[in-house]
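The next block holds one structure in the form of structure tokens; read it before the comments.
Taken together, the values in this text are just the output of simple stated rules run on the coordinates, not laboratory data. None of the values given here were measured: they were computed from a predicted structure. Reconstructed Cβ throughout: ideal geometry from the backbone, glycine too, with neighbour counts over all protein chains shown.
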Amino acid sequence: MRPLLSPKKTGLSRIKPKSIETLTIENFMEDENMKATIISLNIGRPKSIANNEEKEVLSGIDKQSVHDKMLKLRKTNLEGDEQADLVNHGGVDKAVCVYPYEHYSYWEDKLGISLPIPSFGENVTLQGGTETDVHIGDIFQWGESVVQVSQPRGPCFKIGKRHGVQKFPLYIRETGYSGYYLRVLQEGSVSVNDSFILQERKTTIPILDINDITYHDQPNQPVIERLLELDELADDWKKNLHRKLDSN
């Protein structure tokens, strides 16, 4: 199936294998003053998203916006937020889920449906922090806390179920419009009024490139081995890369 988005139309491009090995941090110093704005801060507790007469499907995807309230950000989650599936969601490397605000209009136009914020189960709906802007290992100041980008968000069937679009996870993988997870380096109070301010860029690899390497590109052992060496990339995502190598 052809991707929903073409790089020519969107400005998205896939990484060339050699770029991971040759790019340097200095190439990205123009982003050192990066600052992203929170459109919505969202929390929720698990509930069933199954239709009538279906087997119960518990999910924390249905979250609600929090306005003008400080929340405690802990090592594994935001105050008031819970996950139903603790195997695939939550934990130290997936304490906070971020989804770029910029993608909402694309999905609404493409799918012909209304997507009120937050529609992707994200804790943070962020403007100015897309998968091309944000790199694995980026460290941000957020209110009193310090957070680090740990991995892309891997879409599961529940997002398709919530919106009645069975192929939604496939479309997300095709576009690379996945969002991403954060680990918490320093706990503290946060709010919707606190911006994400880039403190340190640890790698040269945008989230979009991780998605492309994982889902689209042919297995390239040197590139994947380079990614596997990154301390900043979550162990769970490294399992995906190991499987890709093993399938070659």
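Values for this structure:
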item	result
Given Lys94/Lys239; Lys69/Lys158; Lys47/Lys72, the pairs whose alpha carbons are separated by over 19 Å	Lys69/Lys158; Lys47/Lys72
Dipole of segment 7-247, positive direction: furthest Cα of Val190, Val147, Ile49, with charges on the beta-carbon	Ile49
Radius of gyration and maximum dimension Dmax of segment 7-247, Cα, Å	17.3, 57
